[in-house]
Amino acid sequence: MPTNMIAASSAGTWALGDLTVNRIGFGAMRVKGNGSAASDRARVVGVLRRAVELGVNHIDTAAFYFSPLRSANELINSALSPYADDLAIPGTSNPDHLVETLAAGALVLSPDDLASLE
């Protein structure tokens, strides 16, 4: 890493539940592409991995971040699984649809990830 790079931890931290995460996080809304243009899968995977390398340990996502060709949650899973212990990936949900949101999110977890939740 070049010496002029600034790590995400330099911005300080905040509490997210029982985790302490860096203030600089990553919003995954656009990783699935913009409008009708699909994202470049390899590029998105590389960006997600680089963000974590730079100290990002908080990635915001939601079950509704998807396009006909891409799902943010699937891209995050492909790029970062198995997840580091300090990586927080909270999802946004409408409380009226919490069960459906959890079910949709669970579909992108690998069998090993699901086993670790038990």
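Quick notes
- The one condition from (1) buried (at least 17 other Cβ atoms within 10 Å of the Cβ); (2) at pLDDT 85 or above; (3) of a type outside the set (Lys, Arg); (4) closer than 22 Å to Thr20 by Cβ that Ala84 does not meet is (1).
- In region 11-53, the residues that are assigned to a loop (DSSP other than H, G, I, E, B), touching a Phe, Trp or Tyr at 6+ places or on another chain (Cβ under 7 Å) and open to solvent by less than 60 Å² (accessible area, probe 1.4 Å): Ala28, Lys32
The values are calculated or read from the model by the stated rules, or taken from the named source; none is laboratory data. Note that this is a predicted model, so its numbers are computed, not measured. Here the Cβ is made from the backbone with ideal geometry for all residues, glycine too, and neighbour counts use every protein chain on show. Please note that ligands, DNA and RNA were not included when accessible areas were found on the heavy atoms of the full protein model with its side chains. Shrake-Rupley method; radii C 1.70, N 1.55, O 1.52, S 1.80 Å.
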